[in-house]
Structures are given as structure tokens and as C-alpha cells.
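One structure is given here, and the rest of the page talks about it.
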Amino acid sequence: MTEICCWIDHALTAARPQSIAALVRYFRDLDTAEEAFQEACLRALKTWPDKGPPRDPAAWLIFVGRNAALDGIRRQSRTGELPPEAPVSDLDDAETDMAQRLDDSHFRDDILRLLFVCCDPVLPVNQQIALALRIVSGLSVAEIARAFLSGESAIEQRITRAKRRIAQTQVPFEPPGPLQRAERLSTVATMIYLVFNEGYSATGGTAHIRAALCEEAIRLARLLLTLFPAEPEIMGLMALLLLQHARTPARLDADGAIVLLDDQDRTLWDAKMIAEGLALVEKAVRNQQPGPYQAQAAIAAMHARAKRAEDTNWPQIAALYEALQQLQPTPVVALNRAVAVSKVHGPAQALNMLDELETALVNYFYFHGVKGALLMQLGRAGEAKIAFDRAIARANTAAEAAHIRLQIDRLIKDSDAARTTSR
Amino acid sequence: MQQFAILCYHAESVVCAWSKEEDDAVMAKLSVVQDKLVKAGKLGPVARLMPTTTATTLRKDRTPALVVDGPFAETKEQLLGFYILNCDSLEDALSIARELGEANPGGSYEIRPVAYINTATVPGLAAAT
């Protein structure tokens, strides 16, 4: 019995994005679509264990959900005008086929539209993420609250607000043109990357909880790539997420402290994810249409290919960062490039590159951490200490602060040692 | 002795959503059966393919053959055979596929990386033709 429940559960989760997306197209309303899907799931739980699963669970759920919602609308407005389509209460295979034919031609744009609705630019980023996790992934409010380390009522409110704002905006329901589709795809890719980062930036004792966000982002990216199998940037995004998430088991030590890439136990990296990520990078690059996700994935691939930290091909990584900086000229990319340059040409040259970034990144924890580390390598301990103190003041988490304190301890120990020897 | 191939089909959206624990549990149960088959001298190579998102398709029904990103998606053609190749890169695999395609035009080849392979072949299987 548990096996059956487990199978049904997986099938319902897997069918969710396509089903909700189609129901949103019918009803043009998130709440109605969600309720219709819930009703269809309840009926599935009642009938599937006895009758066995339908051939196409999503088509079944769309069909049953749509009819259930139409029944509901009719009951509410008995005197009002009837919706155009006749209700069908009993399903046989012929009807399932019909439902499927109805939807196959649409479902790609349906799902893209649904994802796109969730990342409407009128919504703040944290609302976008919460809404996508609730509507598309089907996570419960409690699960989302746990992942955000936040209270359930706060998340509930965030989702309600997001839905209200979306209800006020006009979402175009006609199929998008090629240009519009490309724009939607890029917006949705950004949202998926943000979901991932929300989970990936987690540190300390809560990291394993927040890793669920990374897994959810990977699931969404996989869905997107299945729908758009020939988009190099979506391949790049998927590869990037896999290659980064593969390192998760090695990123924190037993006490929850940050372990830098150079010091990670690479045998803990997930070989299966790395293999898939590398295959996707290779496939993406064949298209010769470079983009920021592909460049980042290519950098992650260089790290993944190095068996030991000292095997890392830093010149190649520095070159990839230069390419990335041309595609995405942001100060953070420039900072990462400086780190790569320090590995190839030494800390002095990298420190020079940091000068022009100071204004833009003055409030960025990582900037001061990098600056401190470079100064430390140059033996300028006093200036390094100042930079590290600035970093601590801007740390987002206890683990980040602890990591910098460790660097300062090392500095002090080194300078003590130097003093002792000079005596 | 007749040789049989068992081709595995399942909904990828479901299988790819398995947690590592669920996936490991399935693989463990399968390996119990496989071990029995090895002892009985019946098991040939077993492979698990990477997800279809890693697939590339070579359409060899035209000249020159056309490389398309994504899995083979036609329903009018049927699976008739397969190769397992050792390659340096995807490009290498594609050029081999092109050469094979020139020898036997028409239809398509789907090129997919292998995620896991158990090459412990049975002596009888290796010799049989």
C-alpha cells in the first residue's frame, strides 16, 4: 500500500507543472487552477489504487480537474451563463486521448507561461521564488517556510500578496512569438537560478534543509530543458546547477564551517551529477552560441575536472572569466576574475584589479574577504586585518563571519611566529 | 541459446525526481536480481543512460545528416538496435555516428552518454553470434 501511495505521490508531483499550467490557460486564474488540480489529485488518490494509473497522468488530471472546476462554477452561478464546454464526469481512454491531443500542442508554452507569470517583474524576488515553489513545484507553505528559515504566516502572506499583484496584471494568453518566447525563457532562467542560489548560499546547521531549494531548482531547470532541448543557455544553466550542487557534500565541515574549494575533499563530490553536468556543457558549447550560463558552467566544469586542487587549470579559468565579463560586465564577475588572475599571475596584479571595483562592491562581504586574502599573500598583514574586519562587519551568516575570523587568527599566528623568529 | 535485450522505459519526470536515497534503494534491489543472473551465467552488459536532456540526435534520412539537440522524438520509427562506444568526446561519438549513417542511411541515431555500465559479460554471450 505504501508503495502504491509513494508511486501516486511521485506521479502527481511530476504531472503538476503541466497540469497546473494547462488549467491556468483554461481558467486564467491561479487560485481556480490550483483548486481544480487539488480536486483532481483527491480523485486520483481515490481511483488510481483500484483502477491502476492512467496512461498519461497529466492529461487525466487536467481533464478531471477542469471538469470539477466547471461543475463548481456552474453550481455557483446557476442563473448565470453556462461555460461553453459540456462536463464529462466519466473518463475512458478515448477521452484521455482527446485531452492529450488538446494539450500536447500547447503544454510547452503553457508551462513557460506559468513560470513566467511567477517571475513577473512587478514582484520582489523573494515573492517570485516563493510563488514558483508553491505553484509550480507544489511545495507546501510549511516546506517553503522551512527552506527560507522563515515563519509559515510570513510565507503565506508573501504568496497571497504575490497572487494579488499578479491578478491585477494582464498576462497575455495567446501563444508567444519567437522573440517574446526568448525573453520569457531568459526571465524564467534567472528565476530558477535565484531559487538555486537561495539554497546554495545557505551555511551552517541549516544547509541540509535549504539544499531542498537547490534540488527544486534543478528539477525546474530539467523541466525547462525538456521543453526547450535545443537552447544552449538552458543547457548551460542546467549544467551550472548540477556542477555546483555536486560539491554540496564537501562545502561545509562537520561543524558547519565553510570549506573553500581548494580545501574540499573532492571524493565527496557527487560523481553522477558531475558527469551529467560535463555532458551538458559539451553539448551546449557545440552550438557556438556563447552565453553567461554556459561560461559559468564551463568554469565550474574546469573545477569539476581537476582531481586535486593543484590540478586546476587556472589560466583557462581566467580566460573563461574574461569571456564571462564580456557577456556579463558586472563588478562581481570582475572580482571573481581577479581571484583567477591571482592564481595565474600572483596577488599583486589581482589587487590592482580590485581598485576600480571598490566603489561598487564596498558593501559586499566577499570583496573584503578577497582583498584581505590577497593582502595577506603579499605580507601586508596590517591592511589585511582591516579588510577582514570590514568583511566580518558585512557577513550575512555566522559561518561567513567565522570563516573570516579563522583567516584573522591565521594572520595573528603568522605574525606572532614572525616576531618570535626575529627575536 | 537465444539472446534477449530488455529495454527500460519509464517516465523521466518521475525517475529524475527520485531522491538519492530512493534511487539507491532501487539500484540495490536491482543488483540483487542482477547478482543472481550473473551466477546463473545469464547476464550481459547492463547500462543506465543519462537523462534525455543530454541527448543529441543525428537525422540520417538526409544528406548531409543533420545534428539536432534533444532526444529522438518520432513515433513512426522503431528502435532496431544500439551501439556502445568508447569515445573521447561527444564530437567523436557524432563523427562515428555519421560514418555509420553513411553506411546505412535513413532513420536516426540518438546519441546519449552512458551514466553507468556493468560490462561484466558472460563468456557464453561474448562468444555467441
Condition test on A:ALA319, is it in contact with a Phe, Trp or Tyr (Cβ under 7 Å, 6 or more places away or on another chain), at pLDDT 95 or above, of a type in the set (A, V, I, L, M, F, W, C) and within 26 Å of A:ASP355 (Cα to Cα)?
-> no
The range A:11-61, residues that are closer than 24 Å to A:ILE73 by Cα and among the acidic types (Asp, Glu) = A:ASP29, A:ASP31, A:GLU34, A:GLU35, A:GLU39
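Among the residues of the range B:42-84, write down those that are among the hydrophobic types (A, V, I, L, M, F, W, C) and within 14 Å of chain A (Cβ to nearest Cβ).
Initial filter on the range B:42-84 (among the hydrophobic types (A, V, I, L, M, F, W, C)): B:43, B:46-47, B:49-50, B:55, B:58, B:65-68, B:72-73, B:79-80, B:82, B:84.
Across the range B:42-84, the qualifying residues are B:ALA47, B:LEU49, B:MET50, B:ALA55, B:LEU58, B:LEU66, B:VAL67, B:VAL68, B:PHE72, B:ALA73.
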Which condition breaks for B:ILE96 when tested against (1) in a helix (DSSP H, G or I); (2) loosely packed, with under 13 Cβ neighbours inside 10 Å?
-> (2)
Examine the range B:106-116 for a residue that is more than 11 Å from chain A (Cβ to nearest Cβ), crowded, with 17+ Cβ neighbours inside 10 Å and small (Gly, Ala, Ser), and state whether such a residue exists.
-> yes
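Can you find a residue that is assigned to a helix (DSSP H, G or I), outside the structural domain of A:LEU139 (by TED's automatic domain parsing) and in contact with a Gly (Cβ under 6 Å, 6 or more places away or on another chain) anywhere in the range A:57-66?
Looking only at the range A:57-66, we keep the residues that are assigned to a helix (DSSP H, G or I), and these are A:57-66.
If we keep only those that are outside the structural domain of A:LEU139 (by TED's automatic domain parsing) too, we end up with A:57-66.
Within this subset, residues satisfying the condition of being in contact with a Gly (Cβ under 6 Å, 6 or more places away or on another chain) are none.
The answer is no, given that none of the residues of the range A:57-66 is assigned to a helix (DSSP H, G or I), outside the structural domain of A:LEU139 (by TED's automatic domain parsing) and in contact with a Gly (Cβ under 6 Å, 6 or more places away or on another chain).
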Within the bounds of the range B:21-36, is there any residue that is hydrophobic (A, V, I, L, M, F, W, C) and in contact with a helix residue (DSSP H, G or I) (Cβ under 6 Å, 6 or more places away or on another chain)?
-> no
Is the range A:116-135 home to any residue that is more than 14 Å from the chain's Cα centre (by Cα) and over 30 Å from A:GLN294 (Cα atoms)?
-> no
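Looking only at residues in the range B:9-25 that are in a loop (DSSP other than H, G, I, E, B) and exposed (fewer than 11 other Cβ atoms within 10 Å of the Cβ), which one is nearest to the other protein chains (Cβ to nearest Cβ)? Explain how you work it out, then say what you get.
The first filter runs over the range B:9-25 and keeps only residues in a loop (DSSP other than H, G, I, E, B), leaving B:9-11, B:16-19.
The next check asks that each one be exposed (fewer than 11 other Cβ atoms within 10 Å of the Cβ); those that pass are B:9-10, B:19.
Working: B:TYR9: 13, B:HIS10: 11, B:SER19: 8 Å.
Restricting to residues being in a loop (DSSP other than H, G, I, E, B) and exposed (fewer than 11 other Cβ atoms within 10 Å of the Cβ), the top hit is B:SER19.
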When every residue in the range B:83-114 that is under 15 Å from the mean Cα position of the chain (by Cα) and touching a residue at least 40 places away in the same chain (Cβ under 8 Å) is compared, the one farthest from B:PRO45 (Cα to Cα) is B:SER108
Pick from B:ASP61, B:ASP69: which is closer than 20 Å to A:LEU225 by Cβ and acidic (Asp, Glu)?
-> B:ASP69
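Would it be correct to say that B:LEU49 is modelled with pLDDT of 95 or more and surrounded by fewer than 18 Cβ atoms within 10 Å (Cβ to Cβ)? Break it down stepwise before answering.
Numbers: modelled with pLDDT of 95 or more: yes; surrounded by fewer than 18 Cβ atoms within 10 Å (Cβ to Cβ): yes.
Spelling it out, B:LEU49 is indeed modelled with pLDDT of 95 or more and surrounded by fewer than 18 Cβ atoms within 10 Å (Cβ to Cβ).
Which of the helices (runs of 4 or more DSSP H) found entirely inside the range A:318-382 contain at least 1 residues meeting this: farther than 22 Å from A:ALA402 by Cβ, of a type in the set (Ser, Thr, Tyr) and under 30 Å from the mean Cα position of the chain (by Cα)?
Details: elements: A:331-345, A:347-355, A:358-361, A:365-377.
Helices (runs of 4 or more DSSP H) meeting the threshold: A:331-345, A:358-361.
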Here are some residues: B:ALA28, B:ALA5. Which one is surrounded by fewer than 11 Cβ atoms within 10 Å (Cβ to Cβ) and outside any helix (DSSP H, G or I)?
-> B:ALA5
Does B:GLY124 satisfy the condition of being surrounded by 11 or more Cβ atoms within 10 Å (Cβ to Cβ), outside any strand (DSSP E or B), more than 10 Å from chain A (Cβ to nearest Cβ) and at pLDDT 95 or above?
-> no
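Could you go through the range B:76-85 and let me know if any residue there is touching a helix residue (DSSP H, G or I) at 6+ places or on another chain (Cβ under 7 Å) and polar (S, T, N, Q). Before the answer, list the steps.
Pass one, the range B:76-85, residues touching a helix residue (DSSP H, G or I) at 6+ places or on another chain (Cβ under 7 Å): B:85.
Narrowing further to those that are polar (S, T, N, Q): none.
No: the range B:76-85 contains no residue that is touching a helix residue (DSSP H, G or I) at 6+ places or on another chain (Cβ under 7 Å) and polar (S, T, N, Q).
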Condition met for A:THR13 (at pLDDT 85 or above, closer than 21 Å to A:ILE111 by Cβ, over 26 Å from the mean Cα position of the chain (by Cα) and β-branched (Val, Ile, Thr)) = no
Of the residues that sit in the range A:248-268 and are more than 16 Å from A:CYS214 (Cα to Cα) and part of a helix (DSSP H, G or I), which one is nearest to the other protein chains (Cβ to nearest Cβ)?
-> A:LEU268
So which residues in the range A:223-247 are free of Cβ contacts under 8 Å to residues at least 60 places away in the same chain, part of a helix (DSSP H, G or I) and surrounded by fewer than 21 Cβ atoms within 10 Å (Cβ to Cβ), if there are any at all?
-> A:THR226
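The values are calculated or read from the model by the stated rules, or taken from the named source; none is laboratory data. Treat the numbers as computed from the prediction; the structure is a model and nothing was measured. Because the Cβ atoms are built from the backbone with ideal geometry, glycine has one as well, and the counts that use them run over all protein chains shown.
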